[in-house]
Amino acid sequence: MPNAYVDRGIIKWNAFDALVGYSSMLEEMRYRLGKKPRPVLSDDDFETMNRNLQEAWKTQCDIELKYYHDGYIRFTFGTVRKVDFTNKEITLSTWEKFHAEDIIEIHFQ
């Protein structure tokens, strides 16, 4: 007699997802527990970022922007399109706006 086993695929795991919202609650908990406080930058770090920002704005070269958002450090790429000194915001070529307090590092590409 041949092997009569037939795999039920994903159906066999449905019992573990029986509690409605359990997996989304776990995902949200992992997100909240992974948050970190905003990094504190020194005056030298601010000076370096200011020089890099001025150079990137003048030459219109691509930059890698490291920024803090909602407890996580994220990265983005682009060229500096606009620097708003009154609102302390930087706009990249992707039309993303970043507040100056959120920016951690600026690197040239």
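The values are calculated or read from the model by the stated rules, or taken from the named source; none is laboratory data. Just so it is clear, the structure is predicted and the values come from calculations on it, not from any experiment. Neighbour counts are summed over all protein chains in view; Cβ atoms, including those assigned to glycine, are modelled from backbone coordinates with ideal geometry.
Remarks
- Scope segment 66-75; condition surrounded by 14 or more Cβ atoms within 10 Å (Cβ to Cβ) and under 11 Å from I106 (Cα atoms); matching residues: K66, Y67
- Annotation: T91 fulfils all but one of (1) among the hydroxyl-bearing types (S, T, Y); (2) in contact (Cβ under 8 Å) with a residue 12 or more places away in the chain; (3) surrounded by 13 or more Cβ atoms within 10 Å (Cβ to Cβ); the unmet one is (2).
- Listed conditions (1) modelled with pLDDT under 90; (2) surrounded by 11 or more Cβ atoms within 10 Å (Cβ to Cβ) are all met by V20, apart from (2).
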